Amino acid sequence: MKREGRLLFLLVVIGIIGGCASIKFAANHPFWYFSEWNWHVDSNGIAQATNSGSYFKLSFTGSTSVQISLDQSGSYPQPFMTVSWSINDGPEQFSTLTSSVQSLTLATQLSQNSIYNITFWIINSLQSIDRWDSPLNFIRIRSVQFSGPTARLLPATTRPGRLMIYWDSIGEGVNVEGCLGDLRTNNGRETWAFALAEAINSEISMIGWGGQGYTVGGGGNVPQLWSASGSPQTSAWNHYNAKLVRNFTQIGCPDYVLCGHGTNDGLQHRDQNLVYTQAYGWFNAMRSACPNSWIFLVVPFGLFEEEPIVKVYNTVAKNGMTELRSCL
């Protein structure tokens, strides 16, 4: 072996022994679980989400540290989103995102011989900036990086069921901790929906946009839930944002779909016939996309738009579609 070759080999060995080596896994690794219907994970290994309550689960061993690599180019330069994470159900750690944040160190000083489980959440985001058209408000994850050559991902532990919910500020967790602003007192984890998911032993994808309804758009340029045109500028149900499609054929369908809209339609005194038309249109589109899912039409807690929502269900029942797992 030539002197240069021996030197290079020695440096590699020293680097491995000293723990300098690192291993990366792209966000589309099959062991890395993202809540399916509020994270868009593409074939290039990029995962992107905006909705509060979106989360991922990651299990690994053989590493002393873990860091996720971000691509926040094009996002808002000022604080716009709060995220948090917990390791082995330990204390929750928080961070605020801006466009300059390009990585997050989730843990250091770990034992290479231990198994670790991380759950990472979007806690909240600014409703006042664009969350749809450009958008400016998102987290985009490229990869996870571990220290040490023995690091490896393990299959994330997930519940067997899958639940997807369309909702408004109630689902987004607006003002659940007070009224001091989106980044201080909104929390998408502290809603009834996560308790429901636990009760039915399911992972949950909460698609909650404050201000949204069947006929009205939500904060951050988000359009109404559904329109006949299907344009991402007027119909949000099958899009993550105006640029990314929520393709149920590709990612599959949830076991349960809940829709609890109606509050903002009622608060804005929308015509009940229009609410019925839009809600029924959404139901048919959802049923067509996911023919085997249970679909639950939920009357909002304040009984807003109860009449047109019940009318949708009665129309469905009259057409014999209750046999296709449709409930009120």
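State the number of residues belonging to the range 304-328 that are open to solvent by 60 Å² or more (accessible area, probe 1.4 Å), part of a helix (DSSP H, G or I) and modelled with pLDDT of 95 or more. Walk me through it before giving the result.
Start the filter on the range 304-328 by keeping residues that are open to solvent by 60 Å² or more (accessible area, probe 1.4 Å), which leaves 304, 306-307, 311, 314, 318-319, 323-325, 328.
Filter once more, keeping what is part of a helix (DSSP H, G or I): 306-307, 311, 314, 318, 323-324.
Those left that are additionally modelled with pLDDT of 95 or more: 306-307, 311.
Total satisfying the criteria: 3.
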Item checked: Close pairs from the range 27-43: first more than 17 Å from N117 (Cβ to Cβ), partner outside any loop (DSSP other than H, G, I, E, B) and of a type outside the set (A, V, I, L, M, F, W, C), Cβ under 6 Å, at least 6 apart -> E36/S205; W37/S205; N38/S205; H40/Q48; H40/Y240
Next item on the list: Check off (1) buried (at least 20 other Cβ atoms within 10 Å of the Cβ); (2) not in a loop (DSSP other than H, G, I, E, B) for W226 and give me the number that stays unchecked.
Entry: (2)
Check: What number of residues within the range 53-95 satisfy the criterion of being open to solvent by 30 Å² or more (accessible area, probe 1.4 Å) and in contact with a helix residue (DSSP H, G or I) (Cβ under 7 Å, 6 or more places away or on another chain)?
Finding: 1
Note to self: Criterion first (basic (K, R) and touching a residue at least 60 places away in the same chain (Cβ under 8 Å)) does R246 satisfy it?
What the structure shows: yes
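With the condition being touching a residue at least 40 places away in the same chain (Cβ under 8 Å) and open to solvent by less than 10 Å² (accessible area, probe 1.4 Å), I'd like the helices (runs of 4 or more DSSP H) fully within the range 101-217 carrying at least 2 qualifying residues.
Answer list for the range 101-217: 169-172.
Would you mind stating whether M206 is within 20 Å of Q48 (Cα to Cα) and touching a helix residue (DSSP H, G or I) at 6+ places or on another chain (Cβ under 9 Å)? So that I can check it myself, show each step before the final result.
Values: within 20 Å of Q48 (Cα to Cα): yes; touching a helix residue (DSSP H, G or I) at 6+ places or on another chain (Cβ under 9 Å): yes.
Yes: the conditions hold for M206.
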Notebook entry, point to check: Only one of (1) in contact with a Gly (Cβ under 6 Å, 6 or more places away or on another chain); (2) over 18 Å from M164 (Cβ atoms) fails for H261. Which number is that?
Noted result: (2)
Check: Of all residues in the range 29-52, which are crowded, with 21+ Cβ neighbours inside 10 Å and over 11 Å from the mean Cα position of the chain (by Cα)?
Finding: W32
Note to self: For the list (1) of a type in the set (V, I, T); (2) free of Cβ contacts under 8 Å to residues at least 60 places away in the same chain; (3) farther than 22 Å from S229 by Cα, I need the number of the one condition that T277 fails.
What the structure shows: (3)
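The values are calculated or read from the model by the stated rules, or taken from the named source; none is laboratory data. This structure is a prediction, so every number in the text was calculated from the model and none was measured. In this analysis, Cβ positions are derived from the backbone assuming ideal geometry, glycine residues included, and neighbour counts consider all displayed protein chains. Heavy atoms of the whole protein, side chains included, go into the accessibility calculation; ligands, DNA and RNA do not. Shrake-Rupley method; radii C 1.70, N 1.55, O 1.52, S 1.80 Å.
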